[in-house]
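Following: one structure in structure tokens, then a few remarks.
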Amino acid sequence: MKSVASCPLIKSILVLDGEGKRIAVKYFDPELNSIQTQLSFERSIFQKTIRTNARSEQEIILFESDIVVYKFTSDLLFFVSSGEEENEIIVGTVLQALFESISLLLRGIVEKRTALENLDLILLSIDEIVDGGVILETDPNIIASRVSMRGVEGEVPITEQSFTQAFASAREQISRNLLR
């Protein structure tokens with residue numbers, strides 16, 4: 001996967017549990033298109049990094065000619081990989097955007113159970129950050145607001161609400177009017 005001089009590319013984003021099992025993964029590298037190759041990559045990267053202490057800050061390694069930036073929380077491991085020609089600071093920024101946006105969306109409870117309960121939010125966050133390997137956004141507040149479909153003022157536009165959301169919003173407004 002070659003990047004254009006002004007456009008760094010991401011090869012993969014991984015969220016694994018404390019045992020190295022998949023929680024949420026996205027691969028953008030055509031070389032990692034088979035499930036066996038992906039699982040082998042995940043196992044290898046997990047084995048290489050599990051003994052490090054990346055809990056307080058991000059760590060960077062060169063792994064099989066890829067730059068891998070990773071960070072651990074209580075029982076989740078976050079990885080972002082790119083080609084060795086990419087800038088590790090940019091790759092680290094992507095990891096930080098992922099971690100902070102997920103932390104915002106999960107209200108600071110970044111652990112396996114809440115991650116599995118909110119898997120849709122994690123996958124949408126990954127999609128907001130990277131598309132086809134191209135970095136789209138790195139501001140965690142913008143990512144979290146897009147994923148939760150809230151505007152700057154916190155309101156969800158009626159055109160973007162699901163039926164359930166629209167019904168709940170209408171019920172809340174009616175309740176407020178009746179209590180006046």
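Read-outs throughout are calculated quantities, based only on the coordinates presented, and are distinct from any laboratory measurement. This structure is a prediction, so every number in the text was calculated from the model and none was measured. All Cβ positions, even for glycine, are placed from backbone atoms using ideal geometry, and neighbour counts span all protein chains on display.
Annotations
- All other residues whose Cβ lies under 9 angstrom from that of residue 17 are scored, Lys and Arg at +1 and Asp and Glu at -1, for a net of +1.
- Prolate/oblate/rounded label for region 3-56 (Cα gyration tensor, a/c 1.5): oblate
- Proximal aspartates and glutamates to residue 112, defined as alpha-carbon separation beneath 14 angstrom and excluding residues fewer than eight positions away on the same chain: 17, 19, 75, 120
- Taking 80, 110 and counting other C-beta atoms within 10 Å, the order from fewest to most: 110, 80
- One entry in [x] 1.06; [y] 1.17; [z] 0.96 is Cα Rg over 2.2 N^0.38 Å calculated from the shown coordinates; its label is [y].
- For the pair residue 65 and residue 44 in one chain, pulling the backbone fully straight at 0.36 nm per residue adds 6.2 nm over the alpha carbon distance.
- Net lengthening on full extension, residue 170/residue 131 (0.36 nm per residue, minus Cα-Cα): 10.6 nm
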